[in-house]
Amino acid sequence: MKLKKKRLIYLILSFVLIYFSLPNSFAQQYRISLLTCDPGEEIYSSFGHSAIRILSQETGIDRVYNYGTFDFRAPNFVLNFAGGRLDYFLSVSTFERFIAEYNYFNRSVREQELSLNQEQKIALVEFLETNYLPENRYYRYDFFYDNCSTRIRDVMEEILGEKLIWKDEEQDPVDKTFRQLIDEKVFYMPWSDLGIDLALGSKLDRDATPREEQFLPEYMEQAFGRAEIQGDGPTRPLVKNERVILDFPQKEGSLGLLNPYLIFWIIAVVFTAITFIGFKKKKLFIGFDLVLFGILGILGLVMSALWIGSDIPSTKWNWNILWAFPGHLVLIPGLISKTLKPWLRKYLLGALILADAAIVFWILGWQSFHPSLIPLMLVIILRSNYLYYNISRYKTSIA
């Protein structure tokens with residue numbers, strides 16, 4: 001009898017030891033998923049969003065980890081954003097609050113539950129919790145290479161290592177440049193699209209690899225849907241199941257009446273008309289050129305500042321500066337002067353050559369410019385050519 005009691009005691013002790021020797025994490029069951037949100041109507045939300053949802057099935061705590069958080073009230077926000085020195089940070093909110101925000105703005109949200117084993121789930125939760133510490137949560141944002149989507153991809157690769165197989169060979173074989181990928185999202189925001197094309201240079205015009213395409217949440221969602229986990233048992237898809245949480249119809253896009261395509265062609269027609277009238281009446285109408293080259297010069301200064309002063313790699317080698325050249329500002333005193341400065345015609349010839357060079361760069365594929373700029377480039381060529389050949393007739397030459 002005593003022997004049976006001892007065996008029972010040993011059995012209970014063994015059970016207790018085994019139970020407590022297991023990682024505490026195994027007492028906690030998690031459901032982990034990727035949330036992908038459709039684009040919004042503001043420029044900062046126009047590319048969509050990604051976040052990680054972690055539901056504790058033991059406690060019912062439902063949290064969303066969001067790498068796409070920034071503070072509008074941060075000191076020098078605009079300058080830091082333009083200069084590539086803006087820090088984003090990892091934030092955490094309840095799932096209910098997260099969904100309420102997207103429901104308010106009528107943005108669809110889809111969920112992909114991940115088929116991680118228990119050990120991988122715990123490792124992911126611990127990684128995010130460590131990353132959420134105040135000293136770890138901030139990171140230097142890079143729209144193309146380090147954003148709310150790529151951070152999640154990098155976390156998954158950190159946790160799964162070589163077991164994560166992306167299956168990129170199953171992707172649509174159509175190659176797209178970074179600029180084309182952006183255009184897909186902002187085509188119906190023509191002024192924002194134009195601003196992006198003006199600010200970012202020729203580095204955007206190379207084909208993005210399947211991995212690089214994951215800077216857009218939609219493409220990362222597709223990549224997760226293709227991916228597999230291998231090497232820790234039977235090969236299985238990374239995504240266990242999918243569901244739509246919020247579903248709103250996509251709004252029909254419209255360029256609107258006051259879009260750059262229409263405005264710039266109207267400007268081109270106006271400049272063509274005044275050039276024709278000036279030729280007939282032997283007048284220059286220099287006032288139009290002062291406005292034209294003044295705006296182009298200021299625009300060139302902004303692009304030069306981004307090229308030189310910004311930490312964003314994609315603002316470098318921006319050949320928009322060929323037609324919107326900062327030196328065009330020197331034309332203003334030269335055109336206003338009653339006497340013909342000896343350098344003025346040479347500069348007009350240079351402006352003509354630079355505008356022609358921009359078109360050549362475009363044709364050769366060295367940089368793709370925004371399509372609405374075609375009439376502006378034609379205006380620069382027209383007016384610099386007209387002034388070059390006619391300005392000496394209306395000004396007294398000086399040595």
> With (1) farther than 25 Å from Val155 by Cα; (2) modelled with pLDDT of 90 or more as the list, and Val16 as the residue in question, which single condition is left unmet?
Replying inline: (2)
>> Lys316 - would you say it is touching a helix residue (DSSP H, G or I) at 6+ places or on another chain (Cβ under 7 Å) and closer than 30 Å to Gly84 by Cα?
In response: yes
> Could you say whether any residue in segment 356-368 is assigned to a helix (DSSP H, G or I) and under 21 Å from Thr275 (Cα atoms)?
Replying inline: yes
> In segment 165-186, how many are touching a Leu at 6+ places or on another chain (Cβ under 7 Å) and part of a strand (DSSP E or B)?
Replying inline: 1
> So which of Leu90, Leu86 ends up being in contact with a strand residue (DSSP E or B) (Cβ under 9 Å, 6 or more places away or on another chain) and farther than 28 Å from Phe248 by Cα?
Replying inline: Leu86
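Looking at Arg110, Arg73 in this structure, which one is at pLDDT 95 or above and either surrounded by 14 or more Cβ atoms within 10 Å (Cβ to Cβ) or of a type outside the set (A, V, I, L, M, F, W, C) (or both)?
Arg110 is the lone residue from the list that is at pLDDT 95 or above and either surrounded by 14 or more Cβ atoms within 10 Å (Cβ to Cβ) or of a type outside the set (A, V, I, L, M, F, W, C) (or both).
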> Here are Leu322, Leu349: which of them is farther than 15 Å from Leu200 by Cα, aliphatic (A, V, I, L, M) and at pLDDT 95 or above?
Replying inline: Leu349
> From Glu228, Glu213, which residue is within 19 Å of Phe143 (Cα to Cα), touching a Leu at 6+ places or on another chain (Cβ under 8 Å) and surrounded by 15 or more Cβ atoms within 10 Å (Cβ to Cβ)?
Replying inline: Glu213
> Would segment 212-219 turn up any residue that is at pLDDT 95 or above, more than 20 Å from His49 (Cβ to Cβ) and either β-branched (Val, Ile, Thr) or not in a loop (DSSP other than H, G, I, E, B) (or both)?
Replying inline: no
> What single numbered condition from (1) in a loop (DSSP other than H, G, I, E, B); (2) out of contact with any Phe, Trp or Tyr (no Cβ under 9 Å at 6 or more places or on another chain); (3) not acidic (Asp, Glu) fails to hold for Gln222?
Replying inline: (1)
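The values are calculated or read from the model by the stated rules, or taken from the named source; none is laboratory data. Bear in mind that the values here come from a model prediction, so they are computed numbers and not experimental data. Every residue, glycine among them, receives a Cβ derived from its backbone with ideal geometry; neighbour counts consider all protein chains shown.
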